[in-house]
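> Below is a structure I'd like to ask you about.
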Amino acid sequence: DPPDAVKVSPCATLECWLDPFSMPAPRALEAIGKALQAQYERWQPRARYRQALDPTVEEVKKLCVSLRRGAKSERVVFHYNGHGVPRPTNNGELWVFNRHYTQYIPLSLYELQTWMGTPSIYVFD
């Protein structure tokens, strides 16, 4: 859960129908990413998918620019799973890790939109 979130009871505990507390954190991250991708693949089996699990700002930029280049004028879907990170800021920033994975760094939605180009679809989970 985000550090600034107040947990209500009862609350949902599953992510992509998996219990993240039933396995070590790194394994849970990979399992959730794999399950989420499988759900998207059921809806659109011919699309290409790339995951960035706990990415840095630089990794997000590299991935977005690469996806846009490959998609040309087609749609690109960006799914942000923000479970476990602080809530977005009032300035419209999401949180990603620094290079050493020791702290969260804000990522501007404006920068994200610039890297993604158009047309794009955003899912903020």
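The values are calculated or read from the model by the stated rules, or taken from the named source; none is laboratory data. Bear in mind the structure is a predicted one, so any value in this text is a computation, not a measurement. Please note: Cβ atoms are built from the backbone with ideal geometry, for glycine as well, and neighbour counts cover all protein chains shown. The area values use the complete protein model at the heavy-atom level, side chains included, leaving out ligands, DNA and RNA. Shrake-Rupley method; radii C 1.70, N 1.55, O 1.52, S 1.80 Å.
> Give just the number: which of (1) in a helix (DSSP H, G or I); (2) open to solvent by less than 90 Å² (accessible area, probe 1.4 Å); (3) of a type in the set (Ser, Thr, Tyr) does residue 110 not satisfy?
All conditions are met except number (2).
> Another question about this same structure. Here are the criteria: (1) touching a residue at least 60 places away in the same chain (Cβ under 8 Å); (2) more than 16 Å from residue 124 (Cβ to Cβ). Tell me which single one residue 81 does not satisfy.
(2)
> Would you point out which residue out of 99, 75 is over 27 Å from residue 44 (Cα atoms) and either open to solvent by 50 Å² or more (accessible area, probe 1.4 Å) or β-branched (Val, Ile, Thr) (or both)?
Working: 75 fails: over 27 Å from residue 44 (Cα atoms).
None of the others qualify; the one that does is 99.
> Quick check on my filter: what residues within segment 84-111 are farther than 18 Å from residue 61 by Cβ and among the small types (Gly, Ala, Ser)?
Matches in segment 84-111: 84 only.
> Continuing with this model, one more query. Residues in segment 84-107: is at least one in contact (Cβ under 8 Å) with a residue 12 or more places away in the chain, touching a helix residue (DSSP H, G or I) at 6+ places or on another chain (Cβ under 8 Å) and part of a helix (DSSP H, G or I)?
No.
> Considering only residues that are in contact (Cβ under 8 Å) with a residue 12 or more places away in the chain and either in a loop (DSSP other than H, G, I, E, B) or exposed (fewer than 13 other Cβ atoms within 10 Å of the Cβ) (or both), which ones fall in segment 50-60?
Matches in segment 50-60: 50, 51, 53, 54, 55, 58.
> If you check 10, 24, which single one turns out to be under 22 Å from residue 97 (Cα atoms), open to solvent by 70 Å² or more (accessible area, probe 1.4 Å) and not basic (Lys, Arg)?
Working: 10 fails: under 22 Å from residue 97 (Cα atoms).
After applying the criteria, what remains is 24.
> Hey, does segment 39-49 have a residue that's in contact with a helix residue (DSSP H, G or I) (Cβ under 7 Å, 6 or more places away or on another chain) and either open to solvent by less than 50 Å² (accessible area, probe 1.4 Å) or not hydroxyl-bearing (Ser, Thr, Tyr) (or both)?
Scanning segment 39-49, I find no residue that is in contact with a helix residue (DSSP H, G or I) (Cβ under 7 Å, 6 or more places away or on another chain) and either open to solvent by less than 50 Å² (accessible area, probe 1.4 Å) or not hydroxyl-bearing (Ser, Thr, Tyr) (or both), so the answer is no.
> Here are the criteria: (1) open to solvent by less than 40 Å² (accessible area, probe 1.4 Å); (2) assigned to a loop (DSSP other than H, G, I, E, B). Tell me which single one residue 35 does not satisfy.
Only one criterion is unmet by residue 35, namely (2).
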